[in-house]
1. Residues that are modelled with pLDDT of 95 or more, at least 3 per element: which helices (runs of 4 or more DSSP H) completely within the range 95-204 meet that?
2. Go through (1) within 30 Å of Asp169 (Cα to Cα); (2) under 18 Å from the mean Cα position of the chain (by Cα) one by one and return the number of the condition Tyr37 breaks.
3. On the basis of being open to solvent by 40 Å² or more (accessible area, probe 1.4 Å), over 30 Å from Leu24 (Cβ atoms), in contact (Cβ under 8 Å) with a residue 40 or more places away in the chain and of a type in the set (Asp, Glu), does Glu172 make the cut?
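The values are calculated or read from the model by the stated rules, or taken from the named source; none is laboratory data. Remember, it's a predicted structure, so these values are computed and weren't measured experimentally. Note that we place each Cβ from the backbone using ideal geometry, even for glycine, and neighbour counts take in every protein chain shown. For accessibility, only protein heavy atoms count, side chains too; no ligands or nucleic acids. Shrake-Rupley method; radii C 1.70, N 1.55, O 1.52, S 1.80 Å.
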Amino acid sequence: GRYFLSCSRAPALVEPDDIMHFDLESEIVGGRSKTPYLERFIHGAIYEARPDVIAVVHAHAEDTLPFGIAPAKLKPVIHSGAFIGADVPVWDIARRFGDRTNLLVTNVAQGRDLAKKLAKNSVVLMRGHGFVAVGASVPDAVYRAMYTEQNAAIQQKAIALGGAVTYLDPEEARLADETNRGQSARPWELWKRNHIRIRRDANG
């Protein structure tokens, strides 16, 4: 019934004291006075709807954005993107909340609507905004976020070459995803090291 999230701060600058505690309606628990992220409702609503999810990543990766606004559907084209699935949902905030929003998920109702669109999937795209990836651990969710972006970039390049693109067969995707699960620890170590270096550079 609770989750942790940093205060509203550039990720490379986050310190342990910046971590805040929220309930599933994304209200601050414990009276911390730091400013929370506007879109914390994404996290609270997904944790509420998906007890199997331990970590949520929301990102604005540029290569994923076209698949939320164009007819082409994001599909797995590389083995490390197998978790994406054959039908990645696209959440359009305007479908329920009209065209007078700022495209950000800033309340419980919007968060729950996004979580409903995610359903049992690993990834949901957000029209004109970004995407969300979920996982059974922090390394798993980060792995999925990183490879969602990489798969999207490679798929765009393949489409640009012209002709039919060969996507992963559903059985190929299932077997690849089954094999890849539990393999996130290897890239996770590198990503952590790079993040620490970025933090050191940012802090002088």
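1. Working: elements: 108-118, 138-160, 170-180, 185-202.
Fully inside the range 95-204 and qualifying: 108-118, 138-160.
2. Tallying (1) within 30 Å of Asp169 (Cα to Cα); (2) under 18 Å from the mean Cα position of the chain (by Cα), Tyr37 fails exactly one: (1).
3. On the way: open to solvent by 40 Å² or more (accessible area, probe 1.4 Å): yes; over 30 Å from Leu24 (Cβ atoms): yes; in contact (Cβ under 8 Å) with a residue 40 or more places away in the chain: yes; of a type in the set (Asp, Glu): yes.
Yes, satisfied.
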